[in-house]
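Report on the following structure.
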Amino acid sequence: MYTKLKSISTTIQKIPLKTPFITALRRVENVEFVRVEVVCENGLTAFGEAPATKAITGEDLESITRSIAKVKEELLGLDVRDALFLLHTFKIGSSAKAALDMAFVTLNAAQSKQTLLQYLGTQDYSPIQTDITISLNTVDTMLKDADEALQNGYDILKVKLGEDISHAIEVTKRVAKELPKARLLIDANQAWSLENSLLYVAAVQDLKIELIEQPVAAEDLQSLKIISKASKIPILADEAAFTLEDVKYIYENSCADMINIKLMKCGGVSKAVEILEYAREKNITCMLGSMLEGPISISAAFSLAFAYRDVIKYVDLDSPLLYKSSSSSLCGFAIKRNQIKPSVPAKSEAESMPTFA
Ligand SMILES: [Mg+2]
């Protein structure tokens, strides 16, 4: 009854951004990603995507393409469930895995005539809200960008800060004081030392900030723990938490208060589900984030955000808001300002997907 995989192919896609995206780690002007197309013997087709994020997962477009080509022959001819199981035994990068995983999970859903949203057990289809990123820039520009975002109806701001700690403190103070209506999420993307993190935490403790994300290097869990202990504001682990094992370690050792889950770090939808189930059981507050990604992988993350809205307090999926053209449509969703809602809840993504190819 399960259909077998007939072909797996990849293309490289590029979507221009409205303005360059700048964090402590990189500056980019386009979203570039590998799109994988998986076709079954019965004609069912699904897609997956993985962007180049060398600084985070160590993978670029070439290595993602190479990884998929390397494992393809072993997957072809298997039914989708077996392919999904085998995929996660391969030693390839987490983004390449995520691209294949989301296509396979979507096919599993389609075989049971469900959308990914339905397949993941979504109960509540009311809109969810994403934050929007304020890129690292001069203090005045960041304040202006934050003000504009707020005026345009985006009230949850993900503020990207860099190595310069006095700049970081100044930006935070000014945004918090001058824009009291903003809900602020601070992201240092590993840019700070332990000393600077403690300096920052002390300087901003009494400001209205909801969380501070990944102040120190991913591998420095000891410092992360010290900062979490010192800070009244919750500390969120992002680059330090790739897999379920990482999340368990961080939780059991109280290294951070919250976890940022991303498909590209954990290896796809099925792995994100394992982490979310664990978080639900342990009552761990999560953010569902993404890299700068294409419309199909973002849509897969949207499905998770709806299905696990009890666990995911923060949705950081603003990539589509940064695309230059709004015609780079999402699959099965519509995004208006910061509101995300399912657009075709009754239709299978696998059937609607070829329009994006
Ligand atoms: Mg982050």
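The values are calculated or read from the model by the stated rules, or taken from the named source; none is laboratory data. Owing to the predicted nature of the structure, the values given are computational and were not obtained by experimental measurement. Positions of Cβ are generated from backbone atoms using ideal geometry, with glycine treated the same way; all protein chains shown enter the neighbour counts.
Can you name the residue in segment 303-339 that is charged (D, E, K, R) and in contact (Cβ under 8 Å) with a residue 24 or more places away in the chain and is also farthest from residue 277 (Cα to Cα) among such residues? Explain how you work it out, then say what you get.
Of all residues in segment 303-339, those charged (D, E, K, R) come to 309-310, 313, 316, 318, 324, 336-337.
Checking which are in contact (Cβ under 8 Å) with a residue 24 or more places away in the chain leaves us with 309-310, 313, 316, 318, 324, 337.
Values: 309: 12, 310: 11, 313: 14, 316: 19, 318: 24, 324: 35, 337: 29 Å.
Result: 324.
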Check your understanding: Among the candidates 227, 169, 212, 250, which residue alone is assigned to a strand (DSSP E or B) and among the β-branched types (Val, Ile, Thr)?
Key -> 212
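When segment 215-224 is examined, which residues are found to be surrounded by fewer than 21 Cβ atoms within 10 Å (Cβ to Cβ) and not in a loop (DSSP other than H, G, I, E, B)?
221, 222, 223
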Practice item. Being of a type in the set (A, V, I, L, M) and more than 22 Å from the chain's Cα centre (by Cα) is the filter here, so list the residues in segment 79-100 that pass it. Key: 80, 83, 86
Check your understanding: Can you name the number of the only condition in (1) at pLDDT 95 or above; (2) within 30 Å of residue 44 (Cα to Cα) that residue 216 fails?
Key -> (2)
Revision key, fill the gap. Within segment 183-209, restricting to residues that are in a loop (DSSP other than H, G, I, E, B) and of a type outside the set (A, V, I, L, M), the one that is farthest from the ligand (Cβ to nearest atom) is 206
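Of the residues that sit in segment 24-78 and are of a type in the set (A, V, I, L, M), more than 14 Å from residue 8 (Cα to Cα) and at pLDDT 95 or above, which one is farthest from the chain's Cα centre (by Cα)? I'd like the intermediate steps shown before the answer.
Kept after step one, since they are of a type in the set (A, V, I, L, M), are these residues of segment 24-78: 24-25, 28, 31, 34, 36, 38-39, 44, 46, 50, 52, 55-56, 61, 64, 68-69, 71, 75-76, 78.
This time we only want the ones that are more than 14 Å from residue 8 (Cα to Cα), so: 24-25, 28, 31, 50, 52, 55-56, 61.
Subsequent filtering for residues that are at pLDDT 95 or above retains 50, 61.
On the way: 50: 11, 61: 18 Å.
Here the answer is 61.
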Check your understanding: Where in segment 255-321 are the helices (runs of 4 or more DSSP H), entirely inside, with at least 3 residues that are under 10 Å from the mean Cα position of the chain (by Cα) and more than 15 Å from the ligand (Cβ to nearest atom)?
Key -> 295-307
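The rows are residues; the columns are (1) surrounded by fewer than 13 Cβ atoms within 10 Å (Cβ to Cβ); (2) at pLDDT 95 or above; (3) in a helix (DSSP H, G or I).
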{"position": "84", "(1), (2), (3)": "no, yes, yes"}
{"position": "90", "(1), (2), (3)": "no, yes, no"}
{"position": "96", "(1), (2), (3)": "no, yes, yes"}
{"position": "101", "(1), (2), (3)": "no, yes, yes"}
{"position": "105", "(1), (2), (3)": "no, yes, yes"}
{"position": "140", "(1), (2), (3)": "yes, yes, yes"}
